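Only the coordinates and a few stated rules stand behind these numbers; no lab work does. Note that this is a predicted model, so its numbers are computed, not measured. Cβ placement follows ideal geometry from the backbone for every residue including glycine, while neighbour counts extend to all protein chains displayed.
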Amino acid sequence: MLLSLALLDSMPLWAWAGFFAFIVAMLALDLGVLQRTPHAVSMKEALVWCAVWFSLALGFNALLLHWRGGEAAQQFLAAYLVELCLSVDNVFVFILVFAYFKVSPQYQHRVLFWGIIGAVLMRGVFILVGVEMIQRFHWVLYLFGLFLVYTGVKMALPRDEAEQIHPDKNIAVRMFRRFFPVSTQATGGSFFTLEHGRRMATPLFVVLIVIETTDLVFALDSLPAVLAITKDGFIALTSNIFAILGLRSLYFALNGVMQLFRYLKVGLAIILVFIGIKMLIVRWLDITTATSLGVIGGVLTMSVLLSLLIKEPPAKS
């Protein structure tokens with residue numbers, strides 16, 4: 001095996017099995033029972049599910065505190081908060097994607113559900129590889145640190161988000177269209193359809209491809225960010241998964257009010273730069289998890305307060 005079982009070493013196999021069984025059960029409940037009939041998710045429903053996933057994450061954090069102590073619980077909470085903030089950045093792109101493709105609100109949940117299934121699998125592979133690389137090659141930490149500083153600075157600068165979703169420039173979409181026919185007709189919530197006896201993908205499946213490739217880009221930021229906080233594979237993966245699973249509800253809750261959190265991206269940029277510097281100076285100064293958690297919480301709180309207190313200037317006519 002090229003990869004060791006480093007990711008599994010921190011916890012017994014039954015803990016991994018129990019965690020993933022719980023996640024599968026929640027997803028089955030979500031899609032098979034609560035979302036059996038496609039419908040537009042209301043603000044109330046989205047907020048309820050946000051509260052459910054946040055409460056589950058905090059409950060899991062309390063379990064870690066009781067089971068493995070304060071350091072593990074602090075690492076989980078810090079990693080979860082960072083991943084949750086990165087998820088907010090995802091939300092803005094999702095809004096652009098659905099607006100560009102004119103996806104009906106009643107089918108957006110279906111796209112996000114399967115998109116997030118893919119995201120969970122990608123994050124699992126990325127974290128497995130990342131933990132292994134750090135254990136084998138310690139100098140990779142410095143590359144991750146530099147990448148985070150670069151990402152944070154880039155995030156703080158103005159950028160055109162719409163360029164990320166243009167299907168004509170999306171390599172995955174272009175490759176898929178080359179090998180598989182895509183229908184021009186919308187067919188409800190289906191990803192595939194039959195036209196004149198020929199199996200074709202629907203525009204909704206193209207939307208799913210864009211969502212998946214977008215998350216792949218965000219995962220490149222997520223991996224070094226979480227591994228800067230913890231080298232424990234179990235904590236790194238579970239914090240990622242809890243943040244991702246709450247992403248759909250976060251999207252429906254924040255859709256339409258994203259302008260109220262316009263300084264959150266600046267706060268996230270500051271956090272990424274801080275975490276990157278933390279990785280770069282770890283050889284000379286080890287910043288504790290409690291300190292990191294304080295910085296992350298303080299920056300997030302200040303970002304939200306500034307967003308709510310400072311009104312956006314009126315657009316120039």
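Summary of computed values
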quantity: Long pairs among Lys44/Lys265; Lys102/Lys265; Lys44/Lys102; Lys102/Lys278; Lys154/Lys231, criterion Cα-Cα beyond 31 Å; calculated: Lys102/Lys278
quantity: Net length gained if the chain between Ile310 and Ile281 were fully extended (0.36 nm per residue, minus Cα distance); calculated: 7.0 nm
quantity: Full-extension gain in nm, Ser55 to Ile171, via 0.36 nm per residue minus C-alpha separation; calculated: 38.0 nm
quantity: Selection of chymotrypsin sites (Phe, Trp or Tyr not before Pro), the range 97-144, meeting DSSP coil and at most 14 other Cβ within 10 Å; calculated: Phe137, Trp139
